[in-house]
Amino acid sequence: VTLSERADAAPVVLRVREGDDLEALLQEFAAKYNVQGDGVSILRGEVLKRMVRQGTLIVSIPVMPQGATQPSLLNIREGDEIKAKVDEFAELHGMTPDQRTRLLEAVTTQTDRRAP
């Protein structure tokens with residue numbers, strides 16, 4: 001979800017990705033842009049309205065990208081094309097082709113284990 005608002009006459013973007021801690025992002029955003037009062041609740045409502053509900057979660061794999069201080073979650077849901085999700089995740093986190101291949105293998109193994 002990307003939410004664009006204007007603050008100080010410049011566009012401001014609140015970007016929330018699957019696996020992000022929404023409450024932490026909202027608090028950080030509110031502190032940075034001086035959002036007060038009911039502003040955080042209003043932002044939360046806007047983000048939740050814009051979130052796309054997808055299929056049932058099949059697997060959620062924590063991945064520690066190089067240089068990160070916390071793992072990011074790679075979530076695979078029913079109907080997802082696994083390679084496309086892995087490629088998107090790898091691109092977002094600057095993973096090498098070898099890391100991408102290993103991640104794809106790990107995800108495929110995990111999803112195969114959960115197949116009926």
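Against the list (1) modelled with pLDDT of 80 or more; (2) among the acidic types (Asp, Glu); (3) farther than 27 Å from PRO65 by Cα, the condition ASP21 fails is (3). Sort out which residues of region 68-98 are more than 20 Å from VAL16 (Cα to Cα) and touching a residue at least 12 places away in the same chain (Cβ under 8 Å), and write them in order of number. Within region 68-98, GLU78, GLY79, ILE82, LYS83, MET95 qualify. Note on region 37-89: residues that are closer than 16 Å to VAL107 by Cβ, exposed (fewer than 14 other Cβ atoms within 10 Å of the Cβ) and of a type in the set (Lys, Arg) amount to 1.
Against the conditions (1) surrounded by 12 or more Cβ atoms within 10 Å (Cβ to Cβ); (2) closer than 14 Å to SER60 by Cβ; (3) not hydrophobic (A, V, I, L, M, F, W, C), THR101 satisfies every one except (2). Between GLU78, GLU23, GLU88, the distinction of being touching a strand residue (DSSP E or B) at 6+ places or on another chain (Cβ under 8 Å) and of a type in the set (Asp, Glu) belongs to GLU78 only. Restricting region 81-98 to residues that are of a type in the set (D, E, K, R) and over 18 Å from VAL59 (Cα atoms) leaves a set whose member that is nearest to the chain's Cα centre (by Cα) is GLU91.
The values are calculated or read from the model by the stated rules, or taken from the named source; none is laboratory data. Remember, predicted model here, so these are calculated numbers, not experimental data. Here Cβ is always computed from backbone atoms with ideal geometry, including for glycine, and neighbour counts include all displayed protein chains.
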